[in-house]
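First up is the structure itself, then whatever we jot down about it.
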Amino acid sequence: MPKILVIEDEAAIRRVLVKILSEENDKYQLEEAENGQKGIESIKKNDYDLVLCDIKMPKMDGVEVLEAARKIKPEIPFIMISGHGDLDTAVNTMRLGAYDYISKPPDLNRLLTTVRNALDRKELVVENKILKKKVSKKYEMIGDSPEISNIKEIIEKVAPTDARVLITGANGTGKELVAHWIHQKSERSNHPFVEVNCAAIPSELIESELFGHVKGAFTSAIKDRAGKFEAANKGTIFLDEIGDMSLSAQAKVLRALQENKISRVGSDKDINVDVRVVAATNKNLQKEIEEGRFREDLYHRLAVILIQVPALNERRKDIPLLIEHFSEKIAGEQGTVPKKFSPKAVSLLKEYDWTGNIRELRNVVERLTILGNDEITEDDVKLFASK
């Protein structure tokens, strides 16, 4: 049931607004405030789907109410009520975040249409927030072991900054989840997260992929093309397996980090970029530096914050939670009920040597879910999860 607050110091107009809205929809839950101060008090105490607010009021005018409410609950849409002399101010309130304004005396059709549209927009905002939470769950970090708890603490401190992060760890440990968490908890979360697998792109194409190219830069360059750095502008670029990047591409990445500028292949024109760089590798970069395959100056630019993701064998305490998580996730994908794992089955899985880390554990849970009994037993594990 939509909850609407009417803030209006003129009692007659307040009654008219409430009467019109209640007759339009008897499911509207309407509340009144006779001045701006009482309106703000109500907004602090209650969750409203919409606020109708007069502009010209004593003590605290509508502009002040709007600005204060935006700090308290920015998601509430405001419809401003303006007298004839307040039209310029009404227009300005929209720049401050108001949804719309209506003039006194209120036109019935315009009022009802504006209210319906504002409520629809509020519903859409809520749906988008729910969707964003669901998307975020895709990259949820599961575990409460000391190793994972430490990583989560580091992320909480690092994410709000623009510090560059280098994530290290073996294949399948979840380095990409750490990168996603850093982005989602940062001030850049509403901007792009662009992932580049440096190991999957041929060395002769990596520079074009990262920085783009201009038409004619090479044989197959039939038109100008923006690269990943431009695509990630204002957001985060995740350079996965950066230890496999060619030295020439490393030099260009170094320049991008130093100057916040890139140039497309075949062009000498600089393009300004505002990108946070998060990198990951399963290689020992210190050894790569010693053997001349990785630039030391780039390493120091990337490794402002180092996060080492432990192997699954180093965090066996998290295996029961991971089994439960994967079981529920796989069942959701398949449209079935999650299968339970017996205590003995879980204990046996905790003893395995997980050379493939979390990725291998997920595959085993999926195999057991498909082939095992309604409750996964120790025998199922021995039969279907044996090495």
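What follows draws every value from the coordinates through simple rules; no lab data is involved. As the structure is a computational prediction, the values presented were derived from the model and not from experiment. Note: ideal-geometry Cβ built from the backbone for every residue, glycine included; neighbour counts use all protein chains shown.
With everything on Cα atoms, drop me the angle between helix 36-45 and the longest principal axis of the chain, reported from 0 to 90° to the nearest 10. Once rounded, one gets 40 degrees. Put the Cα centre of the stretch 21-43 next to the Cα centre of the stretch 151-222 and the gap is 48 Å. Rounded to the nearest 500, the 222 nm mean residue ellipticity of the chain from helices alone is -14000 deg cm²/dmol, with -39,500 (n - 2.57) taken per DSSP H run of at least 4 residues.
What per residue convex hull volume, in Å³, do the alpha-carbon atoms of the stretch 3-135 yield? Can you show the working numbers first?
Values: hull volume 13.6 nm³, N = 133.
Spelled out: Cα convex hull of the stretch 3-135, divided by residues, is 102 Å³.
The stretch between residue 328 and residue 68 holds 89.3 nm of extra length on full extension. This uses 0.36 nm per residue minus the Cα-Cα distance. How far, in degrees from 0 to 90, does helix 357-371 lean away from the longest principal axis of the Cα atoms of the chain, to the nearest 10? The angle comes out near 80 degrees.
Sorted from fewest to most neighbouring beta carbons within 10 Å, what does the list 17, 371 look like? Present the calculation step by step, with values, prior to reporting the outcome.
Working: 17 22, 371 12.
Going from sparsest to densest Cβ surroundings: 371, 17.
Rounded to 0.05, the FRET efficiency of the residue 304 and residue 234 pair, given R0 = 22 Å and the Cβ-Cβ distance, is 0.65.
For the pairs 38/104; 3/152; 138/223; 185/329, flag any whose C-alpha to C-alpha distance is greater than 31 Å. Checking Cα-Cα distances, 3/152; 138/223 exceed 31 Å.
The charge dipole of the chain, taken about the Cα centre with unit charges on the Cβ atoms of Lys, Arg (+1) and Asp, Glu (-1), comes to about 300 debye, rounded to the nearest 20. Shape analysis of the stretch 313-384 yields a ratio of the Cα radius of gyration to the Kirkwood radius, Rg/Rh, of 0.92. Relative protection proxy for 1-9, 147-155, from highest mean packing down: 1-9, 147-155 (other beta-carbon atoms within 10 angstrom). With a Förster radius of 22 Å applied to the beta-carbon distance between residue 12 and residue 94, the computed FRET efficiency rounds to 0.25. Considering only 337, 349, 322, and ranking their Cα positions along the charge dipole of the stretch 313-384 that arises from unit charges at the beta-carbon of Lys, Arg, Asp and Glu, the one farthest toward the positive end is 322. Against the chain, whose longest principal axis comes from its Cα atoms, helix 319-334 is set at around 70 degrees. Computed from Cα atoms alone, the Kirkwood hydrodynamic radius reported for the stretch 146-310 is 16.2 Å. Using the alpha-carbon positions of the stretch 227-297, Rg (one decimal) and Dmax (whole number) come out as 12.7, 35 Å.
Each residue of the stretch 236-244 is assigned a 3J(HN,Hα), and the resulting list reads 10, 10, 10, 8, 7, 6, 5, x, 9 Hz, derived from the Karplus form 6.51 cos²θ - 1.76 cosθ + 1.60 (θ = phi - 60°), x at Gly and Pro.
Size descriptor for the chain, Kirkwood hydrodynamic radius: 25.4 Å (Cα pairs only, one decimal).
With +1 on each Lys and Arg Cβ and -1 on each Asp and Glu Cβ, how big is the dipole of the stretch 3-135 about its Cα centre, in debye rounded to the nearest 20? Write down the numbers at each step before the final one.
On the way: 23 positive and 24 negative charges, 132 e Å.
That gives the stretch 3-135 a dipole magnitude of about 640 debye.
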